[in-house]
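Here is the structure we will look at, set down as structure tokens.
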Amino acid sequence: MNNRSPHSQGGVALVIGLIMLVLITVMLIAALNIGTANFRAVSNMQFREEAISAANKAIEQVISSNFAAAPTAEEVIVDVDNDGNTDYTVEMAQPQCINVTPASDADPSSKLLPPAMTIGSTWNTLWDLQATVDRVNNVGGAAVVVRAGVRKLLSQAQMDAVCL
């Protein structure tokens with residue numbers, strides 16, 4: 001016969017139940033931390049992509065202006081979501097003329113024209129543009145540097161003024 005009372009094993013069930021509860025709690029906390037880390041990673045990628053987009057927008061703005069006439073550094077304000085608030089401040093370095101080559105020869109029909117009226121008096125200039133978005137002046141805290149090379153056709157006088 002069994003001399004033990006039915007209440008003598010109640011403590012073991014309680015201990016096993018508490019251990020299971022602790023294990024489930026640890027698994028839930030680990031799952032929450034993994035989810036939070038993934039959310040942060042995706043948010044950081046989004047802010048980085050927005051910063052790159054802002055830098056590209058600033059480069060396009062500079063390219064569309066006559067930057068080669070008087071190349072200067074400038075600050076470009078970018079509103080990515082068009083809500084009227086500044087989202088990114090992009091620092092554009094002074095455009096640098098890094099290479100100059102004569103434009104291709106004039107067409108044979110233009111050979112008898114004076115040099116000012118032919119393509120022979122123009123120069124292909126290669127420019128380096130650099131846009132920097134730092135951590136301080138943007139909403140996401142992302143910092144990027146974007147560089148672009150641009151070719152611009154300049155006259156002899158323009159090339160002499162800015163590339164030599």
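Values in this text are rule-based calculations from the coordinates and carry no lab data. No experiment lies behind these values; they were computed from the predicted model shown. Reconstructed Cβ throughout: ideal geometry from the backbone, glycine too, with neighbour counts over all protein chains shown.
Peptides 61-74, 41-54, ordered by how many other C-beta atoms sit within 10 Å of their residues on average, highest first, read 41-54, 61-74. Full extension of the chain between LEU14 and ASN38 gives 5.0 nm of extra length, using 0.36 nm per residue less the Cα-Cα distance.
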